[in-house]
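Laboratory data are not the source of any read-out in this text; all were calculated from the coordinates shown. What you see is a predicted model, and the numbers here were worked out from it, not measured in a lab. Every residue, glycine as well, gets a Cβ built from its backbone with ideal geometry; the counts of neighbours run over all protein chains shown.
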Amino acid sequence: MISDIKKFHGIILLLGWAHLSFAVLTSPAKVQSLEANIPRREWLQLGGFLAVAMGGPGKCRAEQAQGVEVITASDIGKAVRISTIKGAQFADSVDYKWERFSDSLRDKNQCDPTTGRRMFDNGFRRDGTRIGNPVLGNLCSPQPLRPFDPTLAASLLDTLDRTASKQTGQSEAVLKGNVKELQDRARPAFARAEMGKNEAELERSKHNFEVFTRAKAYSAYISDRPRIKQFQEGWGSSVIDLLASGAGRREFTSPFPKASPEDDTRRYDEGKLLDALGVISVCLRKLESGGLIGRWEIAVPTDDDGEVVTIAVDDDVTLGGQIFLREETMPLSGAVVEAIVTAALKRSDILFRSDSFFLDPSTTRQEVYEPTQLLLSLANLRTGRSPQ
């Protein structure tokens, strides 16, 4: 899965997807140093232990279009797998060459003034026209996360627990017992990964542990796609009630002109979308103030006529757990940002297709690739109500 994520990031850089023409909303923002999270390699090593200690992977999330595909044991399945592996080996070779090329184009001194991020530049053609668009990378002036708010963290865990009880039909006592059993088995591995961390890092690591173990335990009761979505909507709705009750379009602003399509063919109510983005913005600001996430950006690419929204969140303190849950194909992602987005758009009666990716804005080199950013891409926006 991580390999798929790396390839997607290379494609983003190649195509210049993160255009400077994005209508971007940036928070006044703080960003956490990489040392405050468990590095990806440690998570993969940790995964080898936890997969045995906690009974192996859960049910597949392939229905959620997360890039996970099932290869069957049939003859044709084996043939496809062999062909896929050979193709992947070639793609890896191409990826490696592209990484070297794209990283060499990074302008260490060029900084986008709106987003405060460094830029990749694909260069120019012989006729002087630009090849693609500049691509935004890591922050020009990284800053640490704000002080961790344990009260806010505890409130988020409470909303997760209450949602689990409601969505699974299990009593809180049963669910707490399942979580405790899992935590007892997983704690030694996490303790080893926490060695050498300071007090602030340990607080964030503990919250990551609490969210990860809950999401894994509750995943045992959630299987099909509709129930996964209902869980996300329920959790997100509780968080919105906690953090952004009464918020709306007035809370969403952008330094760029809004997209103006040539024809009025949007399939959704623009005002309702702005209401949803306002709610999301308020929630993200409070999560940022509480030291649970770093820099965040909501972007509406003007060249997509407002049909796509991207939400990038740096240094979510639970990102390590999210990566491991994805590796294990758990039904629940443990991502509060995803839950907030899902619930906010549901409240505005907007349907959408969502894809999520773990990115490292600082490089495309696979040997040093450490995801620090959660990127949500919301496409196929349209008015409608999801099934209850």
For Tyr268, distant residues with modelled amide H under 5 Å away: Thr383
Scan around Gln110 for amide H atoms under 5 Å from its own, H built in the peptide plane at 1.01 Å from N, and keep only partners 5 or more places away or cross-chain. Met119
Residue separation times 0.36 nm, minus the C-alpha to C-alpha distance between Glu370 and Asp241: what's the value? 43.1 nm
Sequence ranges 227-233, 375-381, ranked by mean other-Cβ count within 10 angstrom, highest first: 227-233, 375-381
Tell me, how many Å apart are the Cα centres for segment 309-388 and for segment 138-175? 16
So how do 175-186, 341-352 stack up, highest first, on mean other-Cβ count within 10 Å? 341-352, 175-186
Express in nm, to one decimal, how much length is gained between Asp269 and Lys180 on full extension, taking 0.36 nm for each residue of separation and deducting their alpha carbon distance. 27.6 nm
